[in-house]
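Below is one structure, written out as structure tokens; comments come after it.
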Amino acid sequence: MKEQRQHHPPSWAQRFIEWYCKPGLVEDLIGDLNEYFERNVQTIGPRRAKLIYVIDAFKFLRSYTVRKPILVNFFINRIMIGSYIKTSSRNLMRNKLFSSINIIGLAISMSVGLLLIAFVLDMRSYDRFNRNGKRIYRITNIATFKGEQGGKYATTSIKTGKLIREKIKGIEEVAIMRSNFSQDAQVGDNILPIKGFWAEPSLFRIFTFPMLEGNPATALKDPYSIVLTETAARKLFGSQDALGRMIRFDTLNYQVTGVMKDVPFFSHISFEALVSLSTAEQLNRNDKNFEEWTNMWSNFVYLLPSENADMASIRSQLNAIAKEENLAEKDTKIQLGLLPLYNIVVGENLRQSEGGPGSLGPHMSPVVLWILGGLAFIVILSACFNYTNLSIARAMRRLKEIGLRKAIGAGKSQVRQQFLVEAIMISMIALLLSFFLFLVLRPQLINLAPEMQRTVKLELTPAMVVSFIGFSVTVGVIAGFMPAIFFSKVSAINALRNVSSVKAFRHVTLRRALVVIQYTATLIFITTTAVGYVQYKNILSFDLGFDTENILNIYMEGNKPDVLLNELREMPQVTALSRSFIVTGVGNYWGGNMKYKDSHDSALVMTNHVDENYLPLHGYKLVAGGNFISRPATAEAVSEVIVNEQVLKRFNIGSGNPRKAIGEQIILNGRKLTIVGVMQDFHYGKIDNLIGPVAFTFWTQEDGAIINAKIQSDDMPATLARIESAWKKIDPVHPFNAEFYDKAIEDAYSEFSTMIKIIGFLSLLAISIASMGLFGMVVFTTETRLKEISIRKVMGASFGNLVYLLGRNFIVLLSISAFIALPVTYLFFENVVLTNFPYHTPVQVTELFAGLLAVLLIAIIMIGSQTMKAARSNPVEVLKSE
């Protein structure tokens, strides 16, 4: 049987009715017309039924069915909002103390929000200047060494870039870039250090780096060609034209083939010069490892896929390349990945070298932004709680106003709008004050750490201003939401009743619940700061297994150390000298592959090249053997090694007996070395790393040099000035780069220090806001209970009794907050934070209770001051109207 076709009325006619008809009539009208339409379909057919439906749609366009014009509603809303603003203004002026507490509290907390908004906007501004930014990707490597996960790297091999260019379809441009171009540029008699990258011409087709002079298509094509930034060209050539000029680096001449605009501040790539990659290929033509698949250090590959390219297909082709190349590798396996340009600065932290830190330029983990955002939100919420508490506490004084409004016809929505407008007004006033605080705090935040100065500017932009205003309105809505709901539910009949007992939970009043939440967050802030600060100080004073006191590490910047060593030996304040390749204990890593005898078992061992004076100067403890015996002049002649106890355990050398290990041979980076000494274990890296195998070999002239100078001086600035003077005689080009070991350790944990300072600052704000809220609540409680206080005073109550009367409820609430906050903080540190520090000290009880005592002291002072004020009042004046 053939199904009967179902007919529908014209949809455009229905939409027309919905557009003009009043909301209260539209459903009934459309329902009736649809019934008539179905009846007409059966009697006169669908075509005529649709025509009648359209005619009816226009026929009911009457004065009583048409909704009010939007313009009328707009003017009505403007009149109502104007009324709300007037009422709110009068209420704010009538309650100056509570208004001031709310405005100042919101302003303080909002200043943190403004700083965070500016910080996030700056971090999200990186690389947005690139026209093709949404399409740019960087190749990442996930490396596995001998079956052990080596981590995810921002770098890859040069071969990877060339294979992608040859084999992968859907790629518009590929650019290979190599880091570590840092040399002294000589132009005439001027010698200036220049830093940059080796790069291909395609870099200019991927990134938006405008060229001022020269052809971007060919500027980086030929060997020994260099492109300078505008500032670098001015630094080297002054006002003269740089294009076509020659620059001498070491023994080679480079021709300036282009001058480009300075790299924007918000670029993850920053440089003074770009040198053609073909130059690096020429200089490394005898290095067989230069273009190996596994030589993934210091090279970066960027892609610009074609528009509407299939990224899944590109990833599949990358996997095919990796699979094919890994077949020829025995120990190292590499997996290729794609990282969007906009996820480089704010994204996953990637390694750049083995054991080393992440990628080019600044980096911020999204988790850190979320943590900072969460902390700022808690501070802002604390101020919002103040507003809610004080608004509801003043309910008795505003109930007549609400009851009168409802008696003359105001609905719940009008009451809600009134309180939301009032909260937004306070928030907008607070915004003006918070903006001035923002201007004061901005330089403090930027100067908090050297990394901050290189990462953000926090300068005002149109987007930032709009974000500030939107943020202020949002805070106003959050602050006024609960009071608006609270007052809108009060009926006109019950408007004069005491509603302070409205329940938020089963047995806890709303105000008490908010006080507990507010002080719980405040105590968590304070105890976190106290515990974090103590742990940070313990880290700085931690026994690394060697001495660092008064040791000055002088970086030679490529110079031979002998001349400066002779100068330093003439200074009586310099008591000992040594040479090393790197500074250990501060996060520097330099590793090598070690084997024991002819075993196939190998492991990555951290290394350093040191001379015979290094161990005694730093106080390393030898448990067996002695110092270096030979003094080789070249790396090939090095035959001795000093290892720590972990090396013996890792390879079972001498059955773990240090004395038996002396004289045994190991193979380090393919070279046979004899163990001449065994050191007691020490911290090669930061203390958040477990102690691992370490080997020291002898320093030679072929290694980069750091001079380690032990200094004993009563006038340290004068001694440093003398050493700097000696440096300038040797190298007038490079600035004197020296740092005391203890300062280097402090800098190594600067992120931890910065986080503690930020949390400490937020703690100060949180306790200030909470204290202002507590002050307002105490003032209100004192005012509402003034007659009771006077009666008790007449009956003989002492000052202590009155303090107890007014303060016991607050002390109980603070105790509940402490009962929640202290265990949470303890568990957070023990189970989350300190798990990253295997050698941390346990959290002490005194650290947890320090913040609680501070809060209790502030609360007692505030309660006592208001009680004293009430106690001094004349009971006769207070009770005369009774």
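Read-outs throughout are calculated quantities, based only on the coordinates presented, and are distinct from any laboratory measurement. Since this is a predicted model, take the numbers as computed values, not measurements. Counting neighbours? That spans all protein chains shown, and the Cβs are built from the backbone with ideal geometry, glycine included.
Taking a threshold of 29 Å on the Cα-Cα distance, which of the pairs LYS152/LYS560; LYS330/LYS660; LYS261/LYS323; LYS595/LYS621 fall above it?
Working: LYS152/LYS560 36 Å; LYS330/LYS660 33 Å; LYS261/LYS323 41 Å; LYS595/LYS621 24 Å.
From LYS152/LYS560; LYS330/LYS660; LYS261/LYS323; LYS595/LYS621, over 29 Å: LYS152/LYS560; LYS330/LYS660; LYS261/LYS323.
From the phi angles alone, apply the Karplus equation (6.51, -1.76, 1.60; θ = phi - 60°) to region 127-140 and give each ³J(HN,Hα) in whole Hz, x where the residue is Gly or Pro.
6, 6, 6, 6, 4, 9, x, 5, 9, 8, 10, 10, 6, 10
Taking θ as phi - 60°, what are the ³J(HN,Hα) couplings along region 602-611 by the Karplus curve (6.51, -1.76, 1.60), each to the nearest whole Hz, with x for Gly and Pro?
Listing the rounded values in order: 9, 8, 6, 10, 6, 10, 8, 9, 9, 9 Hz.
On a straight-distance basis, which aspartates and glutamates could pair with LYS96 in a cross-link, Cα separation under 17 angstrom, same-chain partners fewer than 8 positions away excluded?
GLU422, GLU783
Compute the signed sum of charges (Lys and Arg +1, Asp and Glu -1) over the other residues within less than 14 Å, Cβ to Cβ, of THR529.
Working: positive: LYS537, LYS757; negative: GLU847.
Counting the neighbours of THR529, the net charge comes to +1.
Obtain the nm distance between the two label points defined at ILE191 and LYS457 by a simple spin-label model: each point lies 7 Å from its Cα along the Cα-to-C-beta direction.
3.6 nm
Under 14 Å Cα to Cα from LYS686, which aspartates and glutamates show up? Leave out anything in the same chain fewer than 8 places away.
In chain and number order, the partners are ASP543, ASP742, GLU746, ASP747, GLU751.
How many nm separate the modelled label positions at LEU51 and LEU690, each set 7 Å beyond the Cα in the direction of the Cβ?
8.9 nm
Mind checking region 531-569 for GluC sites (Glu not before Pro) that DSSP puts in a loop (not H, G, I, E or B) and that have at most 10 other Cβ atoms within 10 Å?
Numbers: sites: GLU549, GLU557, GLU567; in loops: GLU549, GLU557.
Sparse-neighbourhood loop GluC sites (Glu not before Pro): GLU549.
Where in the chain are the DSSP H helices whose alpha-carbon span along the long axis reaches 30 Å or more and whose Kyte-Doolittle mean is at least 0.5?
Working: long enough: 23-44 (31 Å, -0.24); 70-94 (35 Å, 0.44); 96-123 (39 Å, 1.85); 366-393 (39 Å, 1.76); 412-446 (47 Å, 1.29); 462-488 (37 Å, 1.86); 510-540 (45 Å, 0.87); 750-784 (50 Å, 1.36); 799-828 (41 Å, 1.62); 845-872 (40 Å, 1.52).
Span-like helices here: 96-123, 366-393, 412-446, 462-488, 510-540, 750-784, 799-828, 845-872.
What is the calculated FRET efficiency for ASP32 to LEU121, with r their C-beta to C-beta distance and R₀ = 45 Å, to the nearest 0.05?
Between ASP32 and LEU121 the formula returns 0.25.
Relative contact order, percent, of region 11-59 when contacts are C-alpha pairs under 8 Å separated by at least 6 residues? Provide the component values of the computation, followed by the final result.
On the way: 23 pairs, mean separation 19.5, N = 49.
After rounding, I find 40 percent.
Quick check: residue separation of SER298 and LYS261 times 0.36 nm, minus the Cα distance between them. What number comes out in nm? Walk me through the intermediate numbers first.
On the way: separation 37, 0.36 × 37 = 13.32 nm, distance 2.47 nm.
Net length gain for the segment: 10.8 nm.
Which aspartates and glutamates does LYS649 reach when only Cα atoms under 15 Å apart count, and residues fewer than 8 places away in its own chain are ignored?
Partners found: ASP601, GLU664, ASP681.
Once fully extended, how much extra length lies between PHE819 and LYS728, figured as 0.36 nm per residue of separation less the alpha-carbon to alpha-carbon distance? Kindly include the intermediate steps, with their values, before the conclusion.
Working: separation 91, 0.36 × 91 = 32.76 nm, distance 6.11 nm.
Residue separation times 0.36 nm, minus the Cα-Cα distance, leaves 26.7 nm.
Could you state the number of Å between the C-alpha centres of region 750-809 and region 555-612?
Rounded to whole Å, the Cα centres lie 59 Å apart.
Do the sum for the chain: with -39,500 (n - 2.57) for every DSSP H run of n ≥ 4, divided by all residues, what is the mean residue ellipticity at 222 nm, to the nearest 500 deg cm²/dmol? It would help to have the intermediate numbers written out before the result.
Working: 27 runs with 438 residues, N = 882.
Dividing the helical sum by the residues of the chain leaves -16500 deg cm²/dmol.
Fully extended, how many nm does the chain gain between GLU230 and LEU25 (0.36 nm per residue separation, minus their Cα-Cα distance)?
Numbers: separation 205, 0.36 × 205 = 73.80 nm, distance 7.01 nm.
Answer, rounded to one decimal: 66.8 nm.
First measure r as the distance between the Cβ atoms of LEU827 and ASN737, then evaluate 1/(1 + (r/R0)^6) with R0 = 41 Å and state the FRET efficiency to the nearest 0.05. It would help to have the intermediate numbers written out before the result.
Numbers: r = 44 Å, r/R0 = 1.06.
Once the sixth-power term is evaluated, E becomes 0.40.
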